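Structure first, commentary second.
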Amino acid sequence: MTDRNLPPGDGYAALDEAEGLTVEPVTQWQLFRSRFVRHRLAMMAAVVLGIILALALFADFLPLENPTDQLEDDNGRIVNLLSPRAEYWFGTDELGQDVLSRVIYGGRTSLTVAVLTGLMVATFGTLVGSIAGYYGGWIDTLLMRFTDLILSLPLLPVAIVAAAWLREAFRGREALSLAILLGTLLWGTLARIVRAEFLSLREKEFVEAARAAGARDRRIIFRHILPNALSPIIVNATLVIGLAIILEAALSFLGFGVRPPEPAWGAMAANGGRLAVGGSGAWWLVLFPSVALIVTVLSVNFLGDGLRDALDPTQTIERR
């Protein structure tokens, strides 16, 4: 039974409006933002990654030494193996190069490889998985057997062999060659995830309605199904970036990455470790690139964890 004094309208909406209890609708973006902000580790990771990215992107505008230049003192002598001090915060290496500058520019190399790898994995994995999951049948079988072949390859041995060849083919552009290599080897897992999402979503009512309205397959895939499968794609691509940083460092550590004198965290850590073991006592040469690598990878993983929780409505987020 309704009150005659209620404003025009019907049901609970009119009653809420009359009593001043109107509820503002919450958009998906607002829901994602509120859930992500509550994940404190992810927020801290986003800030740290923002600082690292800013340093890498704007390194040319910072008051840094050239990472490949040999530094000299007032008497013209090379200042090699100087421990951290006021004028050289991270010290210098055995060639007299500024370690702080090399760490920052090495971050540019590692992040370039990682971001390009993430974009390649997201693009190729999404394309293969969406086609396989939407069409099914022999197309699904063919694409998934090819995906199984990629996933069955031993990652590090294949990467070492391929990197040795690509390093010569892409001389001077080793970062691009590493991104192509890692992107080719890492897309399989995402393809399987996207396929599973498409197998589920293609049977939903909104897809049937789109088909009944005469929508083409391409429009259904990219306008109706794919936006609803973005959550696992974003999370997986983020985690792939962290894995790519580790693999790039491992390949550089083994001597199959970026050529000297271009800086890379893995190569710097390997060189610093050899010098430290050799009795030079230059602990800073292995410490600073290793810390930069660890902090970056942890930040990427925490960010991926926060994105997963914020984008998955079934997750329960606790304050951390």
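Looking only at the range 158-172, residues that are touching a Leu at 6+ places or on another chain (Cβ under 8 Å), under 19 Å from Arg108 (Cα atoms) and in a helix (DSSP H, G or I) come to 0 in all.
In the set (1) surrounded by fewer than 18 Cβ atoms within 10 Å (Cβ to Cβ); (2) without any contact (Cβ under 8 Å) to a residue 60 or more places away in the chain, the condition left unmet by Leu95 is number (2). Check whether at least one residue in the range 201-210 is among the basic types (Lys, Arg), farther than 18 Å from Ser252 by Cα and more than 19 Å from the chain's Cα centre (by Cα), and report yes or no. There is at least one residue in the range 201-210 that is among the basic types (Lys, Arg), farther than 18 Å from Ser252 by Cα and more than 19 Å from the chain's Cα centre (by Cα). The helices (runs of 4 or more DSSP H) found entirely in the range 1-78 that carry 2 or more residues being surrounded by 15 or more Cβ atoms within 10 Å (Cβ to Cβ), at pLDDT 80 or above and small (Gly, Ala, Ser) are 40-57. (1) surrounded by fewer than 21 Cβ atoms within 10 Å (Cβ to Cβ); (2) among the aliphatic types (A, V, I, L, M); (3) within 20 Å of the chain's Cα centre (by Cα): which one isn't true of Leu166, the others all being true? With respect to (1) surrounded by fewer than 21 Cβ atoms within 10 Å (Cβ to Cβ); (2) among the aliphatic types (A, V, I, L, M); (3) within 20 Å of the chain's Cα centre (by Cα), Leu166 is out only on (3).
Scanning the range 158-217 for residues that are small (Gly, Ala, Ser) and closer than 21 Å to Ala264 by Cα returns Ala159, Ala162, Ala163, Ala164, Ala169, Gly172, Ala175, Ser177, Ala179, Gly183. Filter the range 79-99 down to the residues that are in a loop (DSSP other than H, G, I, E, B) and of a type in the set (Asp, Glu), then identify the one that is farthest from Trp265 (Cα to Cα). That would be Glu87. As a summary of the residue check, Lys204 satisfies the conditions (1) out of contact with any Gly (no Cβ under 6 Å at 6 or more places or on another chain); (2) surrounded by 19 or more Cβ atoms within 10 Å (Cβ to Cβ) except for the one numbered (2).
Per this entry, Ala191 is not counted among residues that are under 30 Å from Arg259 (Cβ atoms), surrounded by 19 or more Cβ atoms within 10 Å (Cβ to Cβ) and in contact (Cβ under 8 Å) with a residue 60 or more places away in the chain.
Scanning the range 81-90 for residues that are surrounded by 15 or more Cβ atoms within 10 Å (Cβ to Cβ) and modelled with pLDDT under 90, we see that the one that is nearest to Thr238 (Cα to Cα) is Tyr88. For the condition modelled with pLDDT of 90 or more and either of a type in the set (Asp, Glu) or closer than 30 Å to Ala267 by Cα (or both), Leu143 does not qualify.
Among the residues of the range 48-76, those that are among the small types (Gly, Ala, Ser) and closer than 21 Å to Ser110 by Cα comprise Gly50, Ala54, Ala56, Ala59.
The values are calculated or read from the model by the stated rules, or taken from the named source; none is laboratory data. Model, not experiment: these values are computed from the prediction. Quick reminder, even Gly has a Cβ in these numbers, built from the backbone with ideal geometry, and neighbours come from all protein chains shown.
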